[in-house]
1. Just to be sure I understand the model, the point goes 7 Å from the Cα along the line to the Cβ. What's the resulting residue 85 to residue 7 distance in nm?
2. If every alpha-carbon in the chain counts as one equal scatterer, what log10 I(q)/I(0) does Debye give at q = 0.21, 0.24 1/Å?
3. With each label point set 7 Å from Cα along the Cα-Cβ vector, what nm distance links residue 15 and residue 95?
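Read the figures in this text as sums done on the coordinates, not as results from a lab. On a predicted model such as this, the values are computed, not experimentally measured, just so you know. With ideal geometry, Cβ positions are generated from the backbone for all residues, glycine too; neighbour counts draw on all protein chains shown.
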């Protein structure tokens, strides 16, 4: 399909072409021009938050709590870290049996 471009008037894309391209009313379109060719494509949707506001609040609260700690270390060696972990396990076993 061919048409004539006129000075100072909007360019209208015929409805048959829009249908073939799959464009619907309300679609955001992106225009690119290079070397005498105009390319029109559907603008990709902006990536939003994949979580609901309630889920986001829970995640943010847990991340805040995780940032507060408890943190252990840094340890001078792997052996020191292993001793610490074994001591923690013993302490937790004693606490559970009481």
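1. For residue 85 paired with residue 7, the spin-label model returns 8.0 nm.
2. Once normalised to I(0) and log-transformed, intensities are -1.16, -1.29.
3. 7.2 nm
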